[in-house]
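This report concerns only the one structure given below.
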Amino acid sequence: MCDRATGSPLKPLIKVPVDLDAWQAWCKEKNLPPLAHHLRGYATEVFSLRVQQLALAARERTPHTIIPNRYILAITECIGQDEANDISHLAVIHEQPHGEPWVREIVRDIRMFHMHALALAAAYALVEGIDAVLYQKDLRYAWH
């Protein structure tokens, strides 16, 4: 399920806010004229940097993890020895102070290995305005 009409679950449409002064400084730094296709290049760079930051900051969800009140959860079922068989699921989670968490499924049963699931989770964190990505690995069917 994708919230954006023009996106798809594996390719969500993500709005990237662009600061005019920052874009112009970027153009100047790269010695580029301030043209529309350079604006797209700048937005892509801003997006990529933010996704990388979120994915690298992702933490494993364990019984001892301090859980934020809102996060994207990426669960990967590791199957066999080759990551090509792994299955992933993504969800938006809102923890409730005195009750069960509110869960909205984003994708389910997608053949995708862990690092790709983290990158997609980070992209959805941007879509949802969420600053945290957590993950779990299900090693039940993994070969050790």
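Determine the sum of side-chain charges near HIS37: Lys and Arg each +1, Asp and Glu each -1, restricted to other residues whose C-beta is under 15 angstrom from that of HIS37.
After counting each charged neighbour, the total is +1.
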Item to check | Computed FRET value (nearest 0.05) for ARG108 with ALA43, which takes r as the C-beta separation and R₀ as 30 Å | outcome: 0.50
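Starting with the fewest neighbours, write out CYS27, CYS78 ranked by other beta-carbon atoms found within 10 Å of each beta-carbon. Don't jump to the answer; show the numbers that get you there.
Details: CYS27 17, CYS78 21.
Going from sparsest to densest Cβ surroundings: CYS27, CYS78.
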Checklist entry - Scanning the chain for helices, which whole DSSP H stretches are 20 Å or more long along the axis (Cα) and average 0.5 or more by Kyte-Doolittle? => result 114-128
Checklist entry - Just how far, in whole angstrom, is segment 100-144 from segment 27-84 if you go by their alpha carbon centroids? => result 12
Checklist entry - Does a label point 7 Å from the Cα of GLU29, set along Cα-to-beta-carbon, have any residues of segment 41-78 with amide nitrogen under 18 Å, and which are they? => result 41-54
Next on the checklist: Report the gain in length on full extension from ARG59 to ASP131: 0.36 nm times residue separation, minus Cα-Cα distance, nm rounded to one decimal.
Outcome noted: 24.7 nm
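Since every read-out is calculated from the coordinates, none of them should be taken as a lab result. Source: prediction; values computed, not measured. In this analysis, Cβ positions are derived from the backbone assuming ideal geometry, glycine residues included, and neighbour counts consider all displayed protein chains.
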